1. Which condition breaks for A45 when tested against (1) open to solvent by 10 Å² or more (accessible area, probe 1.4 Å); (2) touching a residue at least 24 places away in the same chain (Cβ under 8 Å)?
2. Say whether the condition of being in contact with a Ser or Thr (Cβ under 7 Å, 6 or more places away or on another chain) and over 29 Å from K185 (Cβ atoms) is met by at least one residue in segment 28-47.
3. Exactly one condition in (1) touching a strand residue (DSSP E or B) at 6+ places or on another chain (Cβ under 9 Å); (2) touching a residue at least 40 places away in the same chain (Cβ under 8 Å) is false for D170; which is it?
4. Check T54, T79 and return the single one that is more than 15 Å from the chain's Cα centre (by Cα) and open to solvent by 30 Å² or more (accessible area, probe 1.4 Å).
5. Within segment 12-65, which residues are within 20 Å of D170 (Cβ to Cβ), more than 10 Å from the ligand (Cβ to nearest atom) and β-branched (V, I, T)?
6. Given the structure, is D199 on the phi > 0 side of the Ramachandran plot and surrounded by fewer than 19 Cβ atoms within 10 Å (Cβ to Cβ)?
7. Can you tell me which residue is nearest to E60 (Cα to Cα) among those in segment 113-130 that are of a type in the set (A, V, I, L, M, F, W, C) and buried (at least 21 other Cβ atoms within 10 Å of the Cβ)?
8. Within segment 31-42, does at least one residue satisfy the condition of being surrounded by fewer than 17 Cβ atoms within 10 Å (Cβ to Cβ), modelled with pLDDT of 95 or more and either touching a helix residue (DSSP H, G or I) at 6+ places or on another chain (Cβ under 7 Å) or under 18 Å from R198 (Cβ atoms) (or both)?
Amino acid sequence: MIVTVDGPSGTGKSTVSRAVAQQLGLPHLDTGAFYRAATLAVLEAGESPEDANTVTSIVEEADIDQVDGTIRLNGRDVTDAIRQDPVNRHVSAVSSHPEVRRLLVERQRRWVATHGGSAVVEGRDIGSVVFPTAPIKIYLDARPEIRASRRAAERDMHLDDVAEALRRRDHLDTSRAASPLLVPKDAVVVDTSEMKFRDVVDLVISLATRGA
Ligand code: C5P
């Protein structure tokens with residue numbers, strides 16, 4: 001069984017998909033972390049995230065993996081480093097390059113295959129591109145102001161700064177040519193704005209267990 005969970009940040013995507021995976025006894029794959037680790041590799045190499053050819057060759061060489069819930073870049077634990085501001089600012093540029101996406105999508109599919117073939121997979125293009133035939137597709141959404149206030153609370157940051165950063169990332173993720181963030185055509189859309197975390201998890205599990 002593959003459960004895809006797409007949507008923008010601040011919708012509870014990570015927390016919900018982790019909890020769903022745990023409850024269903026499935027592995028959980030965070031594909032955003034792959035794009036984040038690729039971005040960290042580019043920044044550490046001192047290269048421009050906009051330069052498609054250079055970025056692609058860095059990603060080709062980089063060993064990016066999720067191991068026991070931690071993210072590894074060439075064997076190093078980068079779980080915390082990929083959540084810092086420089087990566088937040090540049091990840092949309094890195095993930096906009098079609099070749100980078102091709103490489104990382106291939107690795108994401110391989111990760112699921114080598115972890116038993118069933119998983120809860122979260123991201124932006126999972127139901128549309130990575131696993132288009134998945135039987136259960138969820139798209140989590142929430143009103144922009146709710147998403148920003150969740151993010152600001154999580155990261156102890158100023159609301160206006162978070163709201164502006166989210167707007168910028170939403171714009172880049174939805175307007176890019178290669179696999180933009182969109183609602184997969186057969187996905188169930190869940191607006192989490194007024195929902196408790198537990199209720200979102202229960203809803204996704206009930207959709208998953210009755211085949212959406
Ligand atoms: O989910 P997260 O906020 O960690 O994702 C970081 C960024 O990675 C997104 O803003 C998007 O640019 C990119 N991403 C993507 N495709 C995915 C997952 C993430 O392009 N499947």
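The values are calculated or read from the model by the stated rules, or taken from the named source; none is laboratory data. Predicted, not measured: the structure shown is a model, and the values here were computed from it. Neighbour counts run over all protein chains shown; Cβ positions are idealised from the backbone, glycine included. Just so you know, the surface numbers come from the protein's heavy atoms only, side chains and all, with ligands and any DNA or RNA stripped out. Shrake-Rupley method; radii C 1.70, N 1.55, O 1.52, S 1.80 Å.
1. A45 satisfies all of (1) open to solvent by 10 Å² or more (accessible area, probe 1.4 Å); (2) touching a residue at least 24 places away in the same chain (Cβ under 8 Å) except (2).
2. yes
3. Failed condition: (1).
4. On the way: T79 fails: more than 15 Å from the chain's Cα centre (by Cα).
Answer to the check: T54.
5. T15, V16
6. On the way: on the phi > 0 side of the Ramachandran plot: no; surrounded by fewer than 19 Cβ atoms within 10 Å (Cβ to Cβ): yes.
In short, no.
7. V130
8. No, because not a single residue in segment 31-42 is surrounded by fewer than 17 Cβ atoms within 10 Å (Cβ to Cβ), modelled with pLDDT of 95 or more and either touching a helix residue (DSSP H, G or I) at 6+ places or on another chain (Cβ under 7 Å) or under 18 Å from R198 (Cβ atoms) (or both).
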